[in-house]
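As structure tokens, the structure follows; a few thoughts come after it.
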Amino acid sequence: MSTAEPAKMPLALQVPTRRVSRGWIAAVVTVHIGINVGFFAPIQVLLGLHAEQLDASQKGAILSLVTGVGAAVSLVANPLFGALSDRSTSKFGRRIPWVFCGTICGALALLLMSTAHTVGLLVLGWALMQAAGNAAVAAIFAAIPDRVPVEQRGVVGGLVALGQTCGSLIGAVIGMVAAGNLVFGYALVALAVAICAVPFVLMRQDTPLPKGTLEPLSALQFLQSFWINPVKHKDFGWAWLTRFLLYLGSQLCLVYLLYFLQDAIGHPNPAQGVLVLTAIYAFCVIFSSVISGKLSDRDGRRKKYVMISSVIVACAAGVMALSTTFAMAIIAAVLLGIGFGAYLAVDFALLTQVLPTADSRGKDLGMINIANSLPQVVAPLVAWLAVTWLGGYPTLFLCSVVVSLLGAVLVRKIKSVP
């Protein structure tokens, strides 16, 4: 398709200029809440308890295997479903069908996990959940640059971050409530994933793409799409790398949180401890994401907020490395929430400003989301090596300090966004 004459460009591919309504934003945020309940309730508590139930002596290895395989699936699923949604010509729009199908299939995958009595079935269920969940994530993320004008994206990014955080908090609540009954826990999560997609789907505010506008996606095109020339699109490349580093830094603080409270801090109820820390983290994320999103929209300067937030995340990891009490872990949760909340709001707005083309927003954001998912592959391996062979939890959290600070430095390489 030629984009030489913007006036002839289909409405679905044009850069939006009309501000979106509060109702639409609320529906998008609600989808994010549900999907993140589906991701974080298992990651934070249910998978750890499930692994311990299957084989307590190998719980760390099982958890790393399950989360690693699931994250590997998401590496392919996110850009694949993003590219497919880019080309969807349904009368309901490009994104709605994928949000609907992804959430329903994700709910079914969670129900399958509730029946898992072997490691293999647990791995399969989580892989299916990651594939389905990432189909919905890719579509709902792409809906934002589809419809939200640049000057409103900081605020919307902050509210989306709020949705992610609320999903994480609700996931921790479900994990604590259902700690003694995994089947009940997975069922609650499945229900949340399915129900939270309903408002967005029923609103039907998704501009259809005319048939024949874009060529069908071929296997070769999809494989080639994993390569976005970092010389031609330098800012996109630097944005991808800094996002990978910040998500890796955060994930290294979270991946073994249940076991850290259990084995290093000696918390009498680790699942409850995860809930307390998550609640504190969530409050701080909500506060900092909304404030920083508005500030970055007002002055248009995104990079300085990303740099500051990266340093705060590094400080949180440093406190974790020194933690010997639950009180110190609470301080780390406050810092991590403030830093990562500010980062989530501002960096998403920054990313939407460096996408290479309008006709591949879903695929390009899928590529960006690999930077979210790849740390879920890397972090469990790093965590297992650090805790088992390289000095324990302090080494793990020091790794987080290093990669977070590196992200703060490299964001300066982005030139097209102030």
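Checked against (1) at pLDDT 85 or above; (2) on the phi > 0 side of the Ramachandran plot, residue 261 passes all but condition (2). What are the residue pairs meeting all of these: first residue in the stretch 137-158, first residue closer than 13 Å to residue 207 by Cβ and at pLDDT 80 or above, second residue aromatic (Phe, Trp, Tyr) and in a helix (DSSP H, G or I), Cβ atoms under 8 Å, and 6 or more apart or on different chains? Every condition considered, the pairs that remain are 147/24. Cβ-Cβ contacts under 6 Å between residues 6 or more apart (or on different chains), taken from a first residue in the stretch 89-101 that is within 15 Å of residue 34 (Cα to Cα) to a second residue that is of a type in the set (Ser, Thr, Tyr), are listed as 98/85. Just a yes or no: is a residue in the stretch 333-346 modelled with pLDDT under 75, under 27 Å from residue 155 (Cα atoms) and assigned to a helix (DSSP H, G or I)? Yes - at least one qualifying residue is present in the stretch 333-346.
A single member of 236, 260 is over 15 Å from residue 43 (Cα atoms) and either in a loop (DSSP other than H, G, I, E, B) or among the hydrophobic types (A, V, I, L, M, F, W, C) (or both), and it is 236. When the stretch 132-154 is limited to residues that are of a type in the set (Val, Ile, Thr) and within 21 Å of residue 39 (Cα to Cα), the one that is surrounded by the most Cβ atoms within 10 Å (Cβ to Cβ) turns out to be 137.
The values are calculated or read from the model by the stated rules, or taken from the named source; none is laboratory data. Computed from a predicted model, the values in this text were never measured in an experiment. So basically every Cβ, Gly included, is an ideal-geometry build from the backbone, and we count neighbours across all protein chains shown.
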